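The values are calculated or read from the model by the stated rules, or taken from the named source; none is laboratory data. What you see is a predicted model, and the numbers here were worked out from it, not measured in a lab. Neighbour counts are summed over all protein chains in view; Cβ atoms, including those assigned to glycine, are modelled from backbone coordinates with ideal geometry.
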Amino acid sequence: MATVLVVEDERDIRELLRRFLERSGCSVLTTSSGAEALHLLATSHIDLVLLDLGLPDIDGMEILEEASPRIPVIVLTARSDTQDRITGLKLGADDYVVKPFSPTEVVLRVKAVLSRSLGRAPEGTTRSYGGGQLMIDLGRHRASCAGRELNLTVSEWELLHTLADAPGRVHTRLELINRVRGYEFEGYERTIDSHVKNLRHKLGDDHHHIVETVVGVGYRFGLAVDG
């Protein structure tokens, strides 16, 4: 049973999410306090965080930075907070939900992120690309570039894995959002650009060619599979 931490200062929203998540089979911890959220992250086993950035005691971004990429985070944000959404994605949020929202949609998003973060390939399944430039360990959900391990969020991992599965193939943003988020959600394709930017930053300036932009279409993987 996956454990979800709901960090939300509005009691009605917090309880609504708790009820729907528990009905879906999740174990749920809730808090209205950022300080308590940090304590729970340090002392409890948490599989995913639902995080409202507008907390009364500390900046929600601090909690996001503490959790990600070790624990996937779905940000809850007000419709007008465009900058919060952009900043959250840059800091490693795996998804975001705009208020007001459908609790059923939130559960769908939680399940999609959990299915990726908890799923594992068989141990020892490692692939090499570009003469060893990039190594992807499917069993451990780890990747390294030029011998340096990449500290990827769930969404960044899924993006890299999807592109590397078909080197040279052009993926549209809508295709990628479907794979990264676990379902098709038109209108959110441009969030892929934020994940690509984050991924390229982690790959390093000398390795931006690993994820190539196809203008007007989407992205493709720029390395060949070794062997």
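Of all the residues that make up segment 1-12, how many are assigned to a helix (DSSP H, G or I) and touching a residue at least 60 places away in the same chain (Cβ under 8 Å)?
Going through segment 1-12 one residue at a time, the tally reaches 0.
Go through segment 143-157 and report how many residues are of a type outside the set (A, V, I, L, M, F, W, C) and closer than 15 Å to S68 by Cα.
4
Here are some conditions: (1) at pLDDT below 90; (2) more than 23 Å from I177 (Cβ to Cβ); (3) surrounded by 20 or more Cβ atoms within 10 Å (Cβ to Cβ). V7 meets all but one. Which one does it not meet?
So the condition that V7 fails would be (1).
Would you pick out the residues in segment 13-54 that are assigned to a strand (DSSP E or B), touching an Asp or Glu at 6+ places or on another chain (Cβ under 9 Å) and not hydroxyl-bearing (S, T, Y)?
V28, L48, L50, L51, D52
List the number of the failed condition for D59; all other conditions in (1) in contact with an Asp or Glu (Cβ under 7 Å, 6 or more places away or on another chain); (2) surrounded by fewer than 16 Cβ atoms within 10 Å (Cβ to Cβ); (3) closer than 30 Å to R200 by Cα hold.
Status for D59: all satisfied but (1).
So A2 clears everything in (1) under 23 Å from M61 (Cα atoms); (2) in contact with a strand residue (DSSP E or B) (Cβ under 9 Å, 6 or more places away or on another chain) except one condition, right? Which one?
Unmet for A2, out of (1) under 23 Å from M61 (Cα atoms); (2) in contact with a strand residue (DSSP E or B) (Cβ under 9 Å, 6 or more places away or on another chain): (1).
Among (1) surrounded by 15 or more Cβ atoms within 10 Å (Cβ to Cβ); (2) at pLDDT 90 or above; (3) of a type in the set (V, I, T), which single condition is V214 missing?
(1)
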